[in-house]
Amino acid sequence: MRRPDDMEHDSPDDGRGDWSEKREGPSTKVIVAIVIAVVLLLFVLQNGHRTQLSFLFLDGFYPLWTVIVVGAVLGFAAGWLLCAARARRRLRRAGER
């Protein structure tokens, strides 16, 4: 049986018992994403010189930071698309059960 003084500190029962903690603050994923963004920003700021680029129709000298940012954006987009496809596949499999 629960005591009345326990009730004011508890969250609604979610099936994990009375000992479960509520996390406060940013999640680990948010912290890692911020650290990666800061490291990428520092990397971009330290590589401002021009470099030669030959890729498909892009042939010439470009600032290195643009190449880094474009590569980072393409990598993020590819990861996001793969994650979305995996989530759709999981939902489809869960619906079949």
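The values are calculated or read from the model by the stated rules, or taken from the named source; none is laboratory data. Predicted model, so just to flag it, every value in this text is computed and none were measured. Cβ: placed from backbone, ideal geometry, glycine included. Neighbour counts: every protein chain shown.
Numbers below:
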| read-out | value |
| --- | --- |
| Region 65-97: number of residues that are more than 13 Å from L40 (Cα to Cα) and hydrophobic (A, V, I, L, M, F, W, C) | 12 |
| Selection within region 56-97 - more than 14 Å from the chain's Cα centre (by Cα) and β-branched (V, I, T) | T66, V67, I68, V69, V70 |
| Unique residue being closer than 17 Å to V73 by Cβ and at pLDDT below 90 when the list is F43, F57 | F43 |
| Residue identified as modelled with pLDDT under 85, part of a helix (DSSP H, G or I) and surrounded by 10 or more Cβ atoms within 10 Å (Cβ to Cβ) among A78, A87 | A87 |
